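The values are calculated or read from the model by the stated rules, or taken from the named source; none is laboratory data. Treat the numbers as computed from the prediction; the structure is a model and nothing was measured. Heads up, the Cβs are rebuilt from the backbone with ideal geometry, glycines too, and the neighbour counts pull from every protein chain shown.
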Amino acid sequence: MKKKLTTFILIVFVLGGLFIAMAVRMPKPPPPSTREIWAKEGIPVETGTAVIGDMEQTVEVTGDITAMTKVVLSSKIPGRIARVLVREGDKVAPGTTVAILDQADALANLEQAEAGLQAARTRLSQAITNAKVTRIQTKAAIEQAKAAVESAEARLAVAKNPARSQEQLMAENAVASAKANLENAEANYKRHQQLLKEGAISQAAFDVVKTQYAVAQSEYKSAQERLSLIKEGGRREDIVAAQAAVDQAKEQLRTARANDAQNLLREEDVRQASAAVKQAEAALALAKQQLSYTVIKSTISGEVASRQADPGQVVSAGQPIVEVVNLDSVYLKGELSEKNLAVVRKGQPANVRIDAIPGKVFRGVVDEIYPSGSVISRNFPVRIRIDRAQSLIRPGMFARAEIVTGVDRNVLLVPKDAVAERHGTKLVFTVERNNVARRHDVIVVRENREYVEITATDGLRQGDVVVTRGHQNLQNGSVVNITNGAK
């Protein structure tokens, strides 16, 4: 009995092993194919919606961002840089000092010019004083000579004609008057002589008083001599002597008048001294200007774009030290093709996108269309000014601009990815009832980054669900499976 049970168990194990081996070696059914899945579930697609909207007519240009206003600050004179006060990115305003050259030579030249001007002004003052003294002296000499002539002629007249009592009385009065003038002049002379010793007045002022004193002495002496002649009466030898005195006095008057030419020389000295002062003033102004040139200041508001020199460096006149750009207004300079030249106008708006600032659209306007193009490329330079609302834009960035040349209003628009092409024909698939795809041949009018303006002849309308992804697998009448939730 036990032997039979063992045999039975062995047979069961053998049969089980054979069954398992056969099951392993039998081929598995193949997985369903993509087309079988599509036939069962529908072709997977993503969809969008056809809408009525406005489509801007645009012309695209590309180019680099450039600052509308920028200056390269340099020194007007050669020199060694003492200090550079700014670095890249620093804000500056008009008049902000950005660098200073060594000022030792400029300060020395300024001091020399100031000293030269002071010396020139001193010489001018001396020349004016000398001219004034000379005028007074020559005038006094002429007046003195005239008085001598009058006195000599009076003595001659008295010598020729005996005096009457009335003439003697007049002569006595003249002596008294001349004496009073002399005493007054003498007192004035002594007072100014003391002031000169004390240093209270100049030599030139004292010389004027001294001359006046001499004139008063001469006039007093002449009055005395005339009175004496009147009292003496006339004799032959007196007449001859009186005539000789008249001749001598007239000669002295001619000499005094000839000496009046000294005034012209003194006036010429004044003119030359005045010219020297003007020259010294010009030299001082130049020295101040040269000193001001050692301080380099910004002429515009903006930011420091580059610093091109450092302290200790010797720069020549005109060599760049700092570049400042005003980023409040920047522009894109691109090229416009010859075929688009007719539709682009100055003042048209533009949408500007910058590769370095993804997701941002900046508003711009066509600022300039250059009249001369390239004879090789047939392109014309165009400048688009960008109103910079934030500090993101930097010169040198690459940008793309869409110049808006017009607007098509209330037109049929579909998402850009909804338009496919087969054998040269543009087409759009819509999803109708029961998720059935229908093909529509369309004509593309224009497009932008998101939408395509189309015209369709077979009933494509606003609100239709259009296939945006997966249409490469579709045929007219295909069943679809919308995967993005749009129905």
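Of note:
- The set of residues from the range 276-294 being out of contact with any Gly (no Cβ under 8 Å at 6 or more places or on another chain), of a type in the set (A, V, I, L, M, F, W, C) and surrounded by 15 or more Cβ atoms within 10 Å (Cβ to Cβ) comprises A276, V277, A287, L291.
- Given (1) assigned by TED's automatic domain parsing to the domain that holds Q308; (2) in a helix (DSSP H, G or I); (3) not aliphatic (A, V, I, L, M), number of the condition E88 does not satisfy: (2)
- Scan of the range 330-350 for residues that are over 31 Å from the mean Cα position of the chain (by Cα) and polar (S, T, N, Q), ordered by number: S337, N340
Yes/no matrix, rows are residues, columns are (1) loosely packed, with under 12 Cβ neighbours inside 10 Å; (2) in the same structural domain as P349 (by TED's automatic domain parsing); (3) in contact with a Lys or Arg (Cβ under 9 Å, 6 or more places away or on another chain):
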{"site": "S372", "(1), (2), (3)": "yes, yes, no"}
{"site": "R394", "(1), (2), (3)": "no, yes, no"}
{"site": "P415", "(1), (2), (3)": "no, yes, no"}
{"site": "N435", "(1), (2), (3)": "no, yes, yes"}
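- Of the residues making up the range 327-339, one or more are assigned to a strand (DSSP E or B), under 26 Å from G89 (Cβ atoms) and among the acidic types (D, E).
- Restricting attention to the range 106-142, the residues that are touching a residue at least 12 places away in the same chain (Cβ under 8 Å), closer than 22 Å to K76 by Cβ and of a type in the set (D, E, K, R) add up to 1.
- Condition met for V209 (at pLDDT 80 or above, within 30 Å of V270 (Cβ to Cβ) and over 60 Å from the mean Cα position of the chain (by Cα)): yes
- Exactly one residue out of G48, G95 is assigned to a loop (DSSP other than H, G, I, E, B), at pLDDT 90 or above and not hydrophobic (A, V, I, L, M, F, W, C): that is G95.
Per-residue answers, yes or no, for (1) touching a strand residue (DSSP E or B) at 6+ places or on another chain (Cβ under 8 Å); (2) under 30 Å from V324 (Cβ atoms):
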{"site": "G42", "(1), (2)": "yes, no"}
{"site": "P78", "(1), (2)": "yes, yes"}
{"site": "R87", "(1), (2)": "yes, yes"}
{"site": "A93", "(1), (2)": "no, yes"}
{"site": "A108", "(1), (2)": "no, no"}
{"site": "S125", "(1), (2)": "no, no"}
{"site": "I136", "(1), (2)": "no, no"}
{"site": "A140", "(1), (2)": "no, no"}
{"site": "E150", "(1), (2)": "no, no"}
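Residue-by-condition table, conditions (1) over 29 Å from E251 (Cα atoms); (2) assigned by TED's automatic domain parsing to the domain that holds A241; (3) crowded, with 19+ Cβ neighbours inside 10 Å; (4) in contact with a helix residue (DSSP H, G or I) (Cβ under 6 Å, 6 or more places away or on another chain):
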{"residue": "R121", "(1), (2), (3), (4)": "yes, yes, no, yes"}
{"residue": "L124", "(1), (2), (3), (4)": "yes, yes, yes, yes"}
{"residue": "T134", "(1), (2), (3), (4)": "no, yes, yes, yes"}
{"residue": "A152", "(1), (2), (3), (4)": "no, yes, yes, yes"}
{"residue": "R155", "(1), (2), (3), (4)": "no, yes, yes, yes"}
{"residue": "N173", "(1), (2), (3), (4)": "no, yes, no, no"}
{"residue": "A178", "(1), (2), (3), (4)": "no, yes, yes, yes"}
{"residue": "A204", "(1), (2), (3), (4)": "no, yes, no, yes"}
{"residue": "E219", "(1), (2), (3), (4)": "no, yes, yes, yes"}
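- Residue in the range 403-410 that is crowded, with 17+ Cβ neighbours inside 10 Å and among the acidic types (D, E) present: no
- Residues in the range 463-485 that are within 60 Å of the chain's Cα centre (by Cα) and exposed (fewer than 11 other Cβ atoms within 10 Å of the Cβ): 1 in all.
- From the list A275, A261, A244, the lone residue that is part of a helix (DSSP H, G or I), closer than 30 Å to K160 by Cβ and hydrophobic (A, V, I, L, M, F, W, C) is A244.
- Of all residues making up the range 70-96, the number that are within 13 Å of V314 (Cβ to Cβ) and of a type outside the set (A, V, I, L, M): 4
- Single residue of the range 437-449 satisfying the filter (under 58 Å from the mean Cα position of the chain (by Cα) and crowded, with 16+ Cβ neighbours inside 10 Å) that is modelled with the lowest pLDDT: N448
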